[in-house]
Structures are given as C-alpha cells and as structure tokens.
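Data first, discussion second: the structure below is written as structure tokens.
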Amino acid sequence: MDKPVAAHAYDLMKTYGKGDAQVKALDGVSIEIYEGEFTAIMGPSGSGKSTLMHCMAALDKPDGGRVTIAGTPLAKLDDKALTIMRREQIGFVFQSFNLVPTLTAEENILLPLTIAGRKPDQGWYSRVIEAVGLADRLKHRPNEMSGGQQQRVACARALVSRPSIVFADEPTGNLDSTSGAEVLSFLRRSVDEFGQTIVMVTHDPTAASYTDRVVYLADGRVVSELREPTAEKVLERMSVVQRRMGA
Ligand code: ADP
C-alpha cells in the first residue's frame with residue numbers, strides 16, 4: 001500500500017550548543033507524513049518533538065538531512081520562496097493560540113490571507129467556520145472568548161489557506177479537557193471531511209487517541225510507531241518505549 005506523502009523528513013540532524021554542552025536534538029530522524037492522515041508525535045520532554053516540528057514546518061533549519069513539503073525540498077527554496085511556502089502550504093497551531101488581541105476572530109482567521117493580499121475562497125471559508133463552530137463569535141475579540149474558542153479560531157486560521165499540511169504543537173496543552181476535546185474533534189473532522197493532513201505534538205494519550213498514527217521519539221530518534229491508537233494502547237506503548245530507553 002503506497003499512500004501519497006504530504007511531507008517527508010529524511011535523516012534530520014540538529015545539534016545545539018558546543019563541546020560538553022552539545023545536545024543532539026535530532027539524531028537522524030526520518031519520517032513520512034501521509035496525506036489525509038492525522039499523525040501524533042509523542043516522546044519524553046527533550047526528545048526532539050518541537051525541533052522536528054519546527055524543521056518540518058520551515059520555522060527552523062536542520063544541520064543535516066532534508067525536508068520535502070508537497071513534493072518541494074525546503075533546502076532548494078530561498079527566503080522569499082520559503083515565506084510563500086509557509087504562507088500557502090503550511091498551517092501552524094501553537095499551544096498559546098498566538099492570536100492578535102486587537103483583531104476580531106474573523107480578522108484573525110483571515111490575517112494570513114490579508115497579509116498575502118488574497119481573498120478567501122468563500123465556499124471553503126464558510127465550511128471551515130461552520131466546522132469550527134464559531135459562526136456566532138466572528139465579531140468577538142480574543143479576550144471575549146474562552147481558551148477553547150480562541151484555539152478554534154487559531155485552527156481556522158491555520159486551515160483557511162487550504163494548506164498541504166497543518167502542524168499543531170501541543171494544541172490542547174493550555175485547555176481544560178472539555179475545550180481540548182472540542183479542538184481535537186475539529187482537527188479530526190478536518191481530516192475526515194476535508195482530507196486535511198495534520199501532525200500534532202502531544203503528551204496526552206487521550207489527545208493521541210484522536211489520531212490515525214502515533215510516532216514516538218526518544219533522544220532525537222524515531223523509536224516506535226502505533227496505528228489506530230486508543231488511549232490504553234498509547235499508554236502501554238509509552239511505557240514499553242520508556243523501559244527500553246532506560247535499559
Ligand atoms: P521536546 O519538544 O521533545 O521537549 P525539543 O525539541 O524542545 O524537545 O528539545 C530537544 C533537545 O534540544 C533538548 O535537550 C533541548 O534542551 C534542546 N534544545 C531545544 N532547543 C534548544 C535551543 N534553542 N538551544 C539549546 N538547546 C535546545
């Protein structure tokens with residue numbers, strides 16, 4: 001079974017610091033992210049999850065190896081082309097929402113297109129707004145919304161340009177479990193109904209259970225993988241990985 005690949009990292013290396021203080025954040029990570037799948041990246045704190053996401057989302061550069069997004073190797077792009085790639089092909093959802101406080105929900109969602117001087121595809125925009133359940137909140141500013149609503153605005157902003165891939169870095173890390181479940185249901189729905197490709201870093205086995213596939217990192221390497229995860233299977237595999245790494 002050959003599934004189409006939305007993003008591909010091959011043998012990524014990234015080292016921070018020098019001499020004794022040197023840390024290999026990524027130590028030869030290779031991973032394929034399949035189109036129309038929801039993939040979770042898990043692993044202990046410091047295992048390289050954020051570094052991997054940032055390198056794959058063109059927010060940081062690896063020291064070695066290569067990343068391909070929608071068939072284009074990032075290393076081949078100059079700064080201008082990288083900016084266009086980030087704007088058009090990549091969506092990003094941060095743990096801390098990162099909304100502009102002075103703008104309404106609608107203005108925040110449309111901001112990436114406004115900056116690019118583009119108009120939204122109205123049909124697509126309406127579908128995203130409906131799916132995210134924010135139709136009656138569009139004129140509200142972030143401080144008039146709950147954390148869960150703000151994160152749903154951030155998800156809609158990530159989707160509005162119809163990117164090839166959305167990266168979400170602990171998107172439920174700042175939310176209570178009910179709001180977290182709303183955000184995860186929306187992400188799941190955008191995969192099932194829109195065919196969106198999503199990669200999410202999470203610590204939470206329940207969050208991981210919304211995905212199709214869990215990839216485990218430890219010490220800057222991919223060490224395990226699980227398909228059709230349930231919270232129980234995710235927990236069980238986490239403890240196997242931890243025991244193996246500790247041994
Ligand atoms: P995770 O997201 O799994 O917690 P990170 O990718 O944030 O892991 O970090 C991997 C390793 O790289 C850690 O040891 C971390 O301390 C180190 N690291 C990450 N970013 C930097 C940085 N900017 N400067 C120095 N060390 C860093």
With respect to residue 86, is the statement that it is within 14 Å of the chain's Cα centre (by Cα) and of a type outside the set (A, V, I, L, M) true?
yes
Restricted to the range 59-71 and to residues being more than 16 Å from the ligand (Cβ to nearest atom) and modelled with pLDDT under 95, the residue farthest from residue 165 (Cα to Cα) is 71
Those strands (runs of 3 or more DSSP E) completely within the range 167-236 that have 1 or more residues that are open to solvent by 20 Å² or more (accessible area, probe 1.4 Å) and in contact with a Cys (Cβ under 7 Å, 6 or more places away or on another chain) are none
Within the range 32-72, the count of residues that are polar (S, T, N, Q), open to solvent by 30 Å² or more (accessible area, probe 1.4 Å) and either touching a residue at least 40 places away in the same chain (Cβ under 8 Å) or closer than 25 Å to residue 241 by Cβ (or both) comes to 3
Here the residues within the range 7-26 that are open to solvent by less than 60 Å² (accessible area, probe 1.4 Å), out of contact with any Cys (no Cβ under 8 Å at 6 or more places or on another chain) and within 10 Å of the ligand (Cβ to nearest atom) are 15, 17, 25
Scanning the range 27-48 for residues that are within 11 Å of the ligand (Cβ to nearest atom) and of a type in the set (Val, Ile, Thr), the one farthest from residue 231 (Cα to Cα) turns out to be 29
Within the range 101-115, residues exposed (fewer than 13 other Cβ atoms within 10 Å of the Cβ) and touching a residue at least 40 places away in the same chain (Cβ under 8 Å) come out as 101
When residue 102 is run through (1) modelled with pLDDT of 95 or more; (2) of a type outside the set (Asp, Glu); (3) touching a strand residue (DSSP E or B) at 6+ places or on another chain (Cβ under 6 Å), the failure sits at (3)
Given the conditions (1) away from the ligand (no atom under 16 Å from the Cβ); (2) without any contact (Cβ under 8 Å) to a residue 24 or more places away in the chain, every one holds for residue 224 apart from (1)
Is it the case that some residue within the range 125-143 is of a type outside the set (Gly, Ala, Ser), crowded, with 16+ Cβ neighbours inside 10 Å and within 16 Å of the ligand (Cβ to nearest atom)? no
For residue 88, state whether it is at pLDDT 95 or above, surrounded by fewer than 18 Cβ atoms within 10 Å (Cβ to Cβ) and among the acidic types (Asp, Glu).
no
inquiry  = Against the definition (in a helix (DSSP H, G or I), in contact with a strand residue (DSSP E or B) (Cβ under 9 Å, 6 or more places away or on another chain) and of a type outside the set (Phe, Trp, Tyr)), how does residue 62 come out, yes or no?
reply    = no
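The values are calculated or read from the model by the stated rules, or taken from the named source; none is laboratory data. It should be emphasised that the depicted structure is a prediction, and the values quoted were computed from it without experimental measurement. Cβ atoms come from the backbone with ideal geometry, glycine included; neighbour counts cover every protein chain shown. Areas reflect the complete protein model, heavy atoms only, side chains present, ligands, DNA and RNA absent. Shrake-Rupley method; radii C 1.70, N 1.55, O 1.52, S 1.80 Å.
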